[in-house]
There are 2 protein chains.
Amino acid sequence: MASQLKIGVIGIDHGHIYDMLNGMLKAGGVFAAWATGPETPEHTRAEFQATYPHVPEKTEAEILEDKSIHLILCSGINSERAAVAITAMRHGKDVMVDKPGCVSLQQLADIRRTVAETGRIWSVCFSERFCVESNTLADRLIAEGRIGKVVQTVGLGPHRANPSARPAWFWERQKTGGILTDICAHQFDQFLHFTGSTEARIVSAFTGNVANPDRPDFQDFGEVLLEGNGGRGYHRVDWLTPSGLPVWGDGRMTILGTDGYIELRKYIDIAGQPGGDHVFLVNGGGVQRFDATGTGLPYFGHFASDIEARTETAMTQAHAFMATELALTAQAIAENGANK
Amino acid sequence: MASQLKIGVIGIDHGHIYDMLNGMLKAGGVFAAWATGPETPEHTRAEFQATYPHVPEKTEAEILEDKSIHLILCSGINSERAAVAITAMRHGKDVMVDKPGCVSLQQLADIRRTVAETGRIWSVCFSERFCVESNTLADRLIAEGRIGKVVQTVGLGPHRANPSARPAWFWERQKTGGILTDICAHQFDQFLHFTGSTEARIVSAFTGNVANPDRPDFQDFGEVLLEGNGGRGYHRVDWLTPSGLPVWGDGRMTILGTDGYIELRKYIDIAGQPGGDHVFLVNGGGVQRFDATGTGLPYFGHFASDIEARTETAMTQAHAFMATELALTAQAIAENGANK
C-alpha cells in the first residue's frame, strides 16, 4: 500500500457518506474519485459535487480499476451495498460500507466468503457509535470500571421519517431490508460492543406499522430482545420522531452495570442542557454529568491504521459480521412470526 | 356502610403501608385498629405504633370481627397477603393490598373466586402509579391527545437492595414471589394502564442474578416483553440502584405515541432539576418539561367512592386481576425456561 490512503466513493444515496468520508479524510485519507448509482437523484449528486468540487466523478469501473485507490466507501441503496463491497474486495480494495452492510443472509454469506478469499477488510460504519462522541466517553468510563461489569443495555433509537425528503426506495422493504436490518443495525452493534459479547442470539424480535397506514409495506416500529455471552439487551427503533423535536431523534442508551449505570443522551437532552453528547454516570460515588464533546471518534484513525497494518483495532471483522447477522436474523424472525 | 369509612390494617411488613394508609386517611377514612403478622420485627412494629400512637393494636381476629371496620389494608409478607385478603372479604370487608397482591396463580384463583362469591373489592395499591403524581399528569396529557394513540411503553424500575435493612423473607423466593411478581408488578399495571390494554400476553420473560453471587436464590434482574390489545411494552426491573443515587431508584417510564412521546423521571432527574415527578412531553408542538408536583393522587379518593358506590373508578377489578396474572405468568415463564 502507498503511504497515502487513497479513497474512492461508490454510492452516495444516504447522507452518512459525508460522515464516513470526512472521518477518513481527518484520519489522513485522500479523496480520489466518486461514482453514483443509477437511481441517485440529481439533487443528491449535485450536493455531493458541490461539497467536494475538486474531486472527479468517475464511473464505478474506473474507480475499481484504479490500483492507486485502496479504500472504497459505499453508501448506496441498502440492497446494493453488498454487490459494491464484494466487487471492490475482488479488485483488491478494503471497504467501509454504511449500515446496513447488506440486506439478506445470502448477501452476508457472499461477503463472508469474499473476505475469507481476498483477505480484504469489510467494515460497517455504525455511525450511531462511531460518529457519536458520547460513546467514546462511555467506553472510557466502562474501561475504568466505573459501573462494574456491564450486564445489560437498553437502546432507544427513534428516527425522523421526514417523508418529503425521502427517495422512493426508502419506503421499499426489499431495498431497505426492513427496520431491524436498517436502523436497528446500530443497536446490535452497540449491544455487542458494550456488553462485550462475542456470541449472541435473538430472544424476540418484532416489526410493525403503527402510524403509517397509508404505507402498509413500511415498518415504522421495531424491537429486539437479545441475549449475549456478555449480557442482555433490549433495543427499540422507530420512525416516529415528532416534528417538534429539534434533532432527528432522541437517541438514548442506558448501560447497566453491576456497580452503576451510564445513560447516553446522544443528540439532545430534552428540555435540559443544550447540545448533544450528554453522558450521565451513576455509581457508588454519586451522580455525574459529562459533556462528551471533544472526546474524539477513534474509529476512523484506527481503521486507517488497520488498513496499513492489517489489524482489527477499529472493529473486529467478526463483530461486523455478527452485528449484521443478528440484524438480519431478527428481521427474519419478526417477519416470519416466530418469537413474536 | 356507615358514612365514615373505618379502616383496619393487617400486616405492616412493607413500608408501603404508610402510603396506603395515609392515602386513605386523606380520602376521609378513619384508622380504627391494626395488627401485625407473626414475623414482623419489633422495630417495624414500634415505628408503626409511634407513627399512629392513638390507634390501638389488636389481634387480626378482633379486627375481622369488628363489623364497624369496612376496609382492610394489608402490607404483610408477600406470600401471606392472599390469605389475609380472602379472610377479610369472607368477613364482608373490602381490601386494599400492597403489591404483589399474591405470589401464585393458585392464590390468585382463590382471590378471584372470593371476589365473585362475596362481591367485595380486591384492590392492589400499585404505588409506582398511584402514589406518583407524574403518572397523574401523564394521564391528563394522554387524555388530551398530546401524543396521539399510545403504541408502546418502556419502563425501567431499578430499586435499591439495601441489604442491611431487609428482613430475612426479602431474600426468599417463596415469600417474595420473585422479582417479576414483586417489583415488576408495578410495570404490568402501568403497561396495561397506559396502553389501554384489556388483554395482553407475555412475549418473553427473564429473571437473573447478576450481582449477588452470595445469594443464589435471589433475583436481582428481571425483564418482560409484552403485547396487549392496546400496544406493546418492555419493562425491566432490578435491585442494582447504586449507593450514590440520592433516591431509591431512577424510575423511568417512556410512553410512545403515534404523535409524540412522554418521559417520566419519577423520583429523580439525574444531574438535572431537583425534586421528583419530572414529566417531559415531545410532540409536534415542541419539547416541554412539567413539574407534576401537586397534580394529585386520585386513586385513593376514587377508591373511597368505589367502596361507597360499589363502582370501579379507581381501577377496574379486571385490571387488578390481569396485572397480577401477567406478573405471575411472567415469573413462571422466566423460571421454567420457556421464552427465555
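Just so it is clear, none of the values below were taken in a lab; they were calculated from the coordinates. On a predicted model such as this, the values are computed, not experimentally measured, just so you know. We place every Cβ from the backbone using ideal geometry, glycine too, and count neighbours over all the protein chains shown.
For A:GLU308, the label point sits 7 Å beyond Cα toward Cβ; its separations from the matching points on the remaining copies run 8.1 nm, from shortest to longest. A simple charge model with +1 on the Cβ of Lys and Arg, -1 on the Cβ of Asp and Glu and nothing else charged puts the dipole of segment A:173-245 at about 60 debye relative to its Cα centre. Largest first, the extents of the alpha carbon coordinates of segment A:191-231 on the three principal axes equal 41, 16, 12 Å. With the dipole of the protein assembly as shown worked out from charges on the C-beta (+1 for Lys and Arg, -1 for Asp and Glu) around the Cα centre, which of A:ASN135, A:VAL154, B:PHE31 lies farthest toward the positive end? Among A:ASN135, A:VAL154, B:PHE31, the one farthest towards the positive end of the dipole of the protein assembly as shown is A:VAL154. Legend: mean number of C-beta atoms from other chains within 10 angstrom of residue C-beta atoms, peptide B:281-289, equals 5. Here's how it looks for A:LYS99: its modeled amide H is under 5 Å from those of A:CYS125, A:SER127, which are all 5 or more places away or on a different chain. In the protein assembly as shown, the DSSP beta bridges split such that about 60 percent are antiparallel, to the nearest 5. The amide H of A:GLU172, built 1.01 Å from its N in the peptide plane, has no neighbour under 5 Å, considering only residues 5 or more places off or on other chains. For chain A, the antiparallel share of DSSP beta bridges with both residues in that region comes to about 60%. Summarised in one figure, the compactness ratio Rg/Rh of segment B:124-230, Cα atoms and Kirkwood Rh, is 1.02. Placing +1 on each Lys and Arg Cβ and -1 on each Asp and Glu Cβ, with no other charges, gives segment B:1-156 a dipole about its Cα centre of roughly 620 debye. For chain A, the residue among A:LEU192, A:THR329, A:LEU105 whose Cα projects farthest onto the positive side of the dipole built from Cβ charges is A:LEU192. Put a plus charge on the Cβ of each Lys and Arg, a minus charge on the Cβ of each Asp and Glu, and nothing anywhere else: the dipole of segment B:230-316 about its Cα centre is then about 200 debye. Here is how far apart the B:GLU47 label points are across copies: 6.0 nm, shortest first, using a point 7 Å from Cα toward Cβ.
Taking every Cα-Cα distance in segment B:2-125 and sorting them into 10 Å bins starting at zero, the pair-distance distribution P(r) comes out as 14, 50, 31, 5 percent.
Set against the 2.2 N^0.38 Å expectation for a compact globular protein, segment B:272-340 has a Cα radius of gyration ratio of 1.70. Between the C-alpha center of segment B:49-80 and that of segment A:167-234 there is a gap of 52 Å. Database remark: amide H of A:ILE77 closer than 5 angstrom to the amide H of A:ASP13 (H placed geometrically; neighbours at sequence offset of 5 or more, or on other chains; Pro and chain starts carry no H). Remark: relative contact order (chain A) = 18 percent; criterion is Cα-Cα distance under 8 angstrom and separation of 6 or more residues. Note on chain A: helix-only mean residue ellipticity at 222 nm, from DSSP H runs of 4+ residues weighted -39500 (n - 2.57) and normalised by residue number, equals -10000 deg cm²/dmol. Taking every alpha-carbon pair under 8 Å whose residues sit at least 6 apart, segment B:2-125 reaches a relative contact order of 27 percent.
Think of chain B as having a plus end and a minus end, set by charges on the Cβ of Lys, Arg, Asp and Glu; of B:THR207, B:HIS91, B:THR316, B:THR316 sits farthest toward the positive end of this dipole.
Shown for B:ARG201: label points 7 Å from Cα along the beta-carbon vector, and their distances to the equivalent points in the other copies, 2.1 nm in ascending order. Note on B:322-334: average number of Cβ atoms from other chains within 10 Å of each residue's Cβ is 0. Sorted from greatest to least, the principal axis extents spanned by the alpha carbons of chain A come out as 57, 48, 39 Å. Shown for B:PHE191, B:PHE31: other C-beta atoms within 10 Å of each C-beta, ranked fewest to most, produce the order B:PHE31, B:PHE191. Calculated translational diffusion coefficient of segment A:201-323 (4 °C, 1.567 mPa s; Stokes-Einstein with Kirkwood radius over alpha-carbon pairs) equals 73 µm²/s. With a Förster radius of 30 Å applied to the beta-carbon distance between A:ARG201 and A:GLU47, the computed FRET efficiency rounds to 0.15. Highest mean packing comes first when the peptides B:59-69, B:242-252 are listed by Cβ atoms within 10 Å, giving B:242-252, B:59-69. Semi-axis lengths, largest first, of the ellipsoid equivalent to the protein assembly as shown are 54, 23, 21 Å, with √(5λ) applied to each eigenvalue of the Cα gyration tensor.
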